[in-house]
Amino acid sequence: MLFTKYLVAFLGSAEINAFITQWGLLLRGAFTSIQIFALTLLFSLPLGLLVALGRMSKKKWLSELLKFYILIMRGTPLILQIMFVYFAPYYLFDLSLYDRFTAVIVAFTINYAAYFAEIYRGGIESIQQGQYEAASVLGFSKVQTLIKIILPQVIKRILPSVGNEVITLVKDTALANIIGVSELFRVTKNETNRTAKVTAFFYAGIIYLTLNWIVTKVMNSLEEKLDYYR
Amino acid sequence: MQIIRVEGLSKNYGENTVLSNFSFEVNKGEVIAIIGPSGSGKSTMLRCLSLLEKIDTGNVTVGGRVMVETGADGKAQYASEKELKKIKLQMGMVFQNFNLFPHFSVLRNITEAPVHVLGISQIEARKIAIELLDKIGLSEKVKSYPWQLSGGESQRVAIARALAMKPDILFFDEPTSALDPELTGEVLKVMKNLAAENMTMVVVTHEMGFAREVADRVIFMDKGKIVEEGSPDDIFVSSENERTQSFIKGFYV
């Protein structure tokens, strides 16, 4: 009874409109976060593989160069990298190459590619030499061996570590707010200022958690899918 | 007819000489057993022939094609990539640890190379694979994955995988050494059947019984050199070489 009374009062009030408006804004921000997330994965997963292969190359200059790249990417804060990617072309060369959103995608991609590269490398190096030898005596080319024999096994082994990075990426999208991209965190901050209430922070927490709950489900089902062999 | 000819092959790991001035030949249809103590270079020998390791000097000819020969500078010079690939396809290899592809079913382990290396059709490759599995008594394992097989079954599948490429010669690198003793029999039986079909085989083994019964010729190696070479009787019964005698005695005590 009491609950119904409150519900009727709430639905009839102006608060419901404010609530709906706020969630609308937050979800639009979340959509931008999801775009950053998806595009970063789309570009950094393949780029990371190329970096890993180059890092393991016998060409010394290439592997040293990529070691240095990985050092920078892992050794400095992502938030600084975002600012550097966005501002450096303008201040160093007087160029405006891209908008804020593109700058964020570039920064996230090169940063995450470095982490993924090290995960790939660990996976590739964990495959027994015998797999390469068996492929070699059967006449598979190097590319065939990598694509047919090695990588499928690598993917299974690295899935848990990749899952970790993917979950971190969902939360890292909040860093895009530093150059003014209207993703979830920035929208939330604006909302708390506008309404002088901190409830929006709580809602944002719920949205991030929901996204990562979905990510976790997807990762688990991928692991199950690859469970048919050991 | 000679199928493999090795002359003056030497191989070093740094300052360590693993094979020194090694010469032998393999004739078509012959079964050769290479025996000898651990570290004598037996496996390295096979790995050099199957191009998993490079040699330092020497000549190797496979099926009339020059795989490698000593150049004017005294160093081994390998044939072109294209030529090496052709040579590789004449040879099959069975490893101590099977090295099956864990993410492929038994069937696909056998069909993958015929389809993607030789370019034969899926249907044809399947037919060959099923025939081979039938022959080694594993028809019911077509859809199994390697982790579901015993060691003996894995090794038989590995043999079928090598045979599906229709090689002229098959190398075995201690094919039963990783198996429980009661599982070696089923693998040796498959190998004996192959020998009876005149498959050319070079077998590095510690199975003295197999070497004695099945091999046409036995090579006894020690410290990277051939100590003695001859018929099983020459080696196991009438050898006058002290090193050979003490090695063989070690197995029957």
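The values are calculated or read from the model by the stated rules, or taken from the named source; none is laboratory data. Everything numeric in this text was worked out from a predicted model, so none of it was measured. Glycine also receives a Cβ, built like all others from the backbone with ideal geometry; neighbour counts cover every protein chain displayed. The accessibility values were calculated without ligands, DNA or RNA, using every heavy atom of the protein model including side chains. Shrake-Rupley method; radii C 1.70, N 1.55, O 1.52, S 1.80 Å.
What do you reckon, is A:Ala107 more than 14 Å from chain B (Cβ to nearest Cβ), open to solvent by less than 30 Å² (accessible area, probe 1.4 Å) and among the small types (Gly, Ala, Ser)? Break it down stepwise before answering.
Working: more than 14 Å from chain B (Cβ to nearest Cβ): yes; open to solvent by less than 30 Å² (accessible area, probe 1.4 Å): yes; among the small types (Gly, Ala, Ser): yes.
It is true that A:Ala107 is more than 14 Å from chain B (Cβ to nearest Cβ), open to solvent by less than 30 Å² (accessible area, probe 1.4 Å) and among the small types (Gly, Ala, Ser).
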Quiz item: Do any residues in the stretch A:66-95 that are more than 11 Å from A:Ala107 (Cβ to Cβ) have Cβ atoms under 6 Å from those of residues that are part of a helix (DSSP H, G or I), where the two are at least six apart or on different chains, and which pairs are they?
Solution: A:Leu66/A:Val51; A:Leu66/A:Gly54; A:Leu66/A:Arg55; A:Ile70/A:Ala114; A:Arg74/A:Ala114; A:Leu95/A:Pro89
Quiz item: Of everything in the stretch A:123-155 that's outside any helix (DSSP H, G or I) and at the interface with chain B (Cβ under 9 Å from one of its Cβ atoms), which residue is nearest to A:Tyr90 (Cα to Cα)?
Solution: A:Ser141
Quiz item: How many residues, within the stretch B:92-110, are closer than 10 Å to B:Ala164 by Cα and within 9 Å of another protein chain (Cβ to nearest Cβ)?
Solution: 1
Exercise. With the condition kept exactly as written, say whether any residue in the stretch A:112-122 is touching a residue at least 24 places away in the same chain (Cβ under 8 Å), small (Gly, Ala, Ser), open to solvent by 30 Å² or more (accessible area, probe 1.4 Å) and in a helix (DSSP H, G or I).
Key: yes
Quiz item: Does the stretch B:1-45 hold any residues that are under 22 Å from B:Leu188 (Cβ atoms) and surrounded by 17 or more Cβ atoms within 10 Å (Cβ to Cβ), and which are they?
Solution: B:Val26, B:Glu30, B:Val31, B:Ile32, B:Ala33, B:Ile34, B:Ile35, B:Gly36, B:Ser40, B:Lys42, B:Ser43, B:Met45
Self-check item: Restricting the stretch B:49-91 to residues that are in a loop (DSSP other than H, G, I, E, B), open to solvent by 50 Å² or more (accessible area, probe 1.4 Å) and touching a residue at least 12 places away in the same chain (Cβ under 8 Å), the residue that is nearest to the other protein chains (Cβ to nearest Cβ)
Solution: B:Lys54
Self-check item: Unmet criterion (only one of (1) surrounded by 16 or more Cβ atoms within 10 Å (Cβ to Cβ); (2) within 28 Å of A:Asn193 (Cβ to Cβ)) for A:Ala52
Solution: (2)
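Looking at the stretch A:79-104, which of its residues are in a helix (DSSP H, G or I) and open to solvent by 70 Å² or more (accessible area, probe 1.4 Å)? Let's see the steps before the verdict.
First pass over the stretch A:79-104, keeping only residues in a helix (DSSP H, G or I): A:79-93, A:100-104.
Within the stretch A:79-104, A:Leu80, A:Phe84, A:Phe87, A:Tyr90, A:Tyr91, A:Leu92, A:Phe93, A:Arg100 meet the criteria.
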Exercise. Have a look at B:Ala125, B:Ala113 and point out the one that is open to solvent by less than 50 Å² (accessible area, probe 1.4 Å), in contact with a Lys or Arg (Cβ under 8 Å, 6 or more places away or on another chain) and either within 11 Å of another protein chain (Cβ to nearest Cβ) or part of a helix (DSSP H, G or I) (or both).
Key: B:Ala113
